[in-house]
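Here the structure comes first, spelled out in structure tokens, and everything after it is commentary.
The values are calculated or read from the model by the stated rules, or taken from the named source; none is laboratory data. Quick caveat, the model's predicted, so the values are computed rather than measured. Don't worry about glycine lacking a Cβ; one is built from the backbone with ideal geometry, like all the others, and counts go over all protein chains shown.
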Amino acid sequence: MENLKYTEILQLNKQLSGTISSAPYQIGILSNVTVNAGKEILEYVCRKNQIEPTIEIGNFDNIVQDAALFRDKNLVMVFWDTLNLMDQVSEFFEDLEEDTMASFKQKIYSELSMVFNNLSSTPSVIFNCFSSAYYPINVISESKTHRFVSELNRYVKENAPSNFVLMDIDAIFQQHGLSQCYDQRFYLSSKAPYTVNFLKHYMVSIEPLLLRNNGKLKKALILDCDNTLWQGIIGEDGLEGIDMASSSKKGVFFHKIQQMAVFLSKRGIIIGLCSKNNEADVLEALRTHKDAVLKEENIVIHKINWNDKAANLKAIAQELNIGTDSLVFIDDSDFEINLIREKLPEVHCIHVPALISDYPQQLLKNIYKLFNLNPNKDDLKKTEMYKQQFQRESAKDQFGSIDDYLASLGIELTVLVDDAAYIPRISQLTQKTNQFNLTTLRYTENQIEQFMEHPKSFTASMFVKDKFGDSGLTGVCILKEDEGDPRVIHIDSLLMSCRILGRNIEYVFLDHVIELAEKKGYSTIRAQFITTKKNAQVKDYYEKIGFELLRESEGTKSYSLNISTFKPRNIQYIKINTTLNV
Amino acid sequence: MNNSRIKQVMSAVFEVPLDSINENSSTDNLENWDSLRHLNLILALEEEFGVSIPDEEVGNLVNFKLIELTINELVK
């Protein structure tokens, strides 16, 4: 994308416009400089990730006032550039009296704090740190300008609300050179300091945030083996012939790749292998090669056989119970990469570069972009949990009836209501869960906190464990009282992680939620199913529970349930621990 | 050569079909040609031709012929 010319981006953006059917992602841009050339670039970055944006740019240099108008956007970006800020001071800044400078600083602090307040409940905000890169550096004693800018940045770091991502634009200036990023001519003539190059780099660097906010991060990294995980071909060169040594000239790059795979597996990303080889050869290399960093225990799933890789990747996704669009695939072969791009275009493919020294950097860039590297406790246990899933699957065969099998698992659910300790995990589940998700509403931590604090809405979270292990917080139900009728409560969101499905937990959890609503004094529950590309498996879920279908239109089904006539399933073999603090 | 590349750029920036850009296109007859898009046009032209359009010229480039003249001069 950084290699595309601005004109090409405009053309591609136009081609993609109108091809994405999802609900628009509302973006507001606040700025005190002209950034209009960035609009189409941002649109293109969104659209190429299947996100349809609606971008509104606030009035020029009207950040404080427009912040209040933009608070309900999904994302607000703030370009509060030092250049125009400093232009407010008519004196020579270095000659400014200390108290004049102090009162100027206070003025900006109070403006900043108004913006922070106005945007504190917006799901996501990107705020650019102030840059002093435009001004000459005085090495002997720090210039007033530089000191002033660093004080502003300190204020921002200390006071910005938690939904703010602070963007270090100096880092972009550094990587690409200030002269590539800033054009004084256009600042003077049109208050447009940023070059098209800068805007491209900037929009690309916020891509991970766009992916995260729209539930589009990847879940698994699937690697080929020969010339991808190590140098050489194990089937031909043998165990001794393959190279992944940190001490060897080429092996060191593969050594780094393996370190990255281990790094990801510790952060809950699923690592898998998909290779055309004899399974025994590959496993022997992982187990016994003295330079192997990536070990068998880091690998959740492997398809080492001679089948075509598209079929193998599909099987991997199926066994992991995730979509193929959650996969990242790395291979050194043109043939395999093209096959996957052709047959499974939704899989993110990385082609091992011909210049092997670029390989680690390229992978790391993709890692930063595609994966969640700030996992919570549950993510960390994920490798273990996916393995348990396979043990459960294989234990299934030993029992005659599925109920006998489920009873043998010793499943225990714990349901907590409005427990603030789990806000990050709950928000993350709303962002990531696609398949068992009745309404697919995405919420930030802020929004979950608001549901919990509000007296007329409830957030129930479900924890699951069985004799094979602890799956952690894997189900969420958000309930909101009807605005007109205090006897009616709506299920705003209901979702469960796929790895716990198929054990009737999905019924027991809702039985319990219904009981909860009854104890809180409600007589009717309303619910909705909103169709997405991925949630077909739950399209009849409410019918199965016993809800009455009220109406169906444009992919949305509306339901109602009279609690007094509801009959729970009473599944005895699932035990519920609850803290119904009514 | 430059002629058709300039038309490509103008078509993309002003979001109009390529064949609607001609030798007579100007700020008077292209509705989307406002001051903000004018800036985007200059940015796009500079990138496309790898040139830096002098400040004093920027405001003058109000029609296709003037743009072509300036670009031809700069890429010589």
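A quick yes/no check of all residues on (1) at pLDDT 90 or above; (2) touching a helix residue (DSSP H, G or I) at 6+ places or on another chain (Cβ under 9 Å); (3) farther than 23 Å from A:N535 by Cβ:
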position: A:L413; (1), (2), (3): yes, yes, no
position: A:P424; (1), (2), (3): yes, yes, yes
position: A:T433; (1), (2), (3): no, yes, no
position: A:L438; (1), (2), (3): yes, yes, no
position: A:F458; (1), (2), (3): yes, yes, no
position: A:G472; (1), (2), (3): no, yes, no
position: A:G475; (1), (2), (3): yes, yes, no
position: A:K480; (1), (2), (3): yes, yes, no
position: A:G484; (1), (2), (3): yes, no, yes
Which one is farthest from the other protein chains (Cβ to nearest Cβ) among residues in the stretch B:38-52 that are of a type in the set (G, A, S) and outside any helix (DSSP H, G or I)?
B:G50
Would you confirm, using the coordinates I've provided, whether A:R503 is crowded, with 19+ Cβ neighbours inside 10 Å, assigned to a loop (DSSP other than H, G, I, E, B) and not hydroxyl-bearing (S, T, Y)?
yes
Residue under question is A:Y6, and the condition is that it be within 13 Å of chain B (Cβ to nearest Cβ), surrounded by 17 or more Cβ atoms within 10 Å (Cβ to Cβ) and within 27 Å of A:K534 (Cα to Cα); does it hold?
no
With criteria (1) closer than 25 Å to A:N62 by Cα; (2) touching a residue at least 40 places away in the same chain (Cβ under 8 Å); (3) more than 10 Å from every other protein chain (Cβ to nearest Cβ), A:C181 comes up short on (2)
For the structure I just gave you, tell me whether B:D55 is surrounded by fewer than 19 Cβ atoms within 10 Å (Cβ to Cβ), among the acidic types (D, E) and more than 11 Å from every other protein chain (Cβ to nearest Cβ).
no
Test B:N72 against the criterion of being of a type outside the set (D, E, K, R), assigned to a loop (DSSP other than H, G, I, E, B) and either more than 14 Å from every other protein chain (Cβ to nearest Cβ) or over 10 Å from the mean Cα position of the chain (by Cα) (or both), and give yes or no.
no
Based on this model, can you work out whether A:L495 counts as in the same structural domain as A:G410 (by TED's automatic domain parsing), in contact (Cβ under 8 Å) with a residue 24 or more places away in the chain and not in a helix (DSSP H, G or I)?
yes
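Yes/no matrix, rows are residues, columns are (1) in contact with a strand residue (DSSP E or B) (Cβ under 6 Å, 6 or more places away or on another chain); (2) of a type outside the set (A, V, I, L, M, F, W, C); (3) surrounded by fewer than 17 Cβ atoms within 10 Å (Cβ to Cβ):
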{"position": "A:E240", "(1), (2), (3)": "no, yes, yes"}
{"position": "A:A245", "(1), (2), (3)": "no, no, no"}
{"position": "A:K266", "(1), (2), (3)": "no, yes, yes"}
{"position": "A:S275", "(1), (2), (3)": "yes, yes, no"}
{"position": "A:L286", "(1), (2), (3)": "no, no, no"}
{"position": "A:K295", "(1), (2), (3)": "no, yes, yes"}
{"position": "A:K303", "(1), (2), (3)": "yes, yes, no"}
Matching residues in the stretch B:2-37 - criterion: being small (G, A, S) and either touching an Asp or Glu at 6+ places or on another chain (Cβ under 6 Å) or in a helix (DSSP H, G or I) (or both):
B:S4, B:S11, B:A12, B:S20, B:S35
Please find, among A:Q15, A:Q88, A:Q26, A:Q11, the residue that is outside any helix (DSSP H, G or I) and either within 14 Å of chain B (Cβ to nearest Cβ) or in contact with a strand residue (DSSP E or B) (Cβ under 6 Å, 6 or more places away or on another chain) (or both).
A:Q26
Give me a count of the residues in the stretch A:524-545 that are at pLDDT 90 or above, surrounded by 15 or more Cβ atoms within 10 Å (Cβ to Cβ) and not β-branched (V, I, T).
6
Please work out which one of (1) more than 9 Å from chain A (Cβ to nearest Cβ); (2) surrounded by 12 or more Cβ atoms within 10 Å (Cβ to Cβ) is the condition B:N24 fails and give its number.
(2)
Given the options A:F186, A:F198, name the one that is in contact with a Pro (Cβ under 9 Å, 6 or more places away or on another chain), over 30 Å from A:K276 (Cβ atoms), of a type in the set (A, V, I, L, M, F, W, C) and within 14 Å of chain B (Cβ to nearest Cβ).
A:F186
Those residues of the stretch B:1-21 that are surrounded by fewer than 13 Cβ atoms within 10 Å (Cβ to Cβ) and within 14 Å of another protein chain (Cβ to nearest Cβ) come to a total of 3
Looking for whichever is modelled with pLDDT of 90 or more and within 23 Å of A:L373 (Cβ to Cβ) here; the options are A:I350, A:I322, A:I337. Which one fits?
A:I350
Residue under evaluation A:E43, criteria (1) farther than 24 Å from B:D34 by Cβ; (2) within 14 Å of another protein chain (Cβ to nearest Cβ); (3) in contact (Cβ under 8 Å) with a residue 24 or more places away in the chain, criterion not met
(1)
Every residue from the stretch B:58-69 that is in a loop (DSSP other than H, G, I, E, B) and more than 9 Å from chain A (Cβ to nearest Cβ)
B:N60, B:L61, B:V62
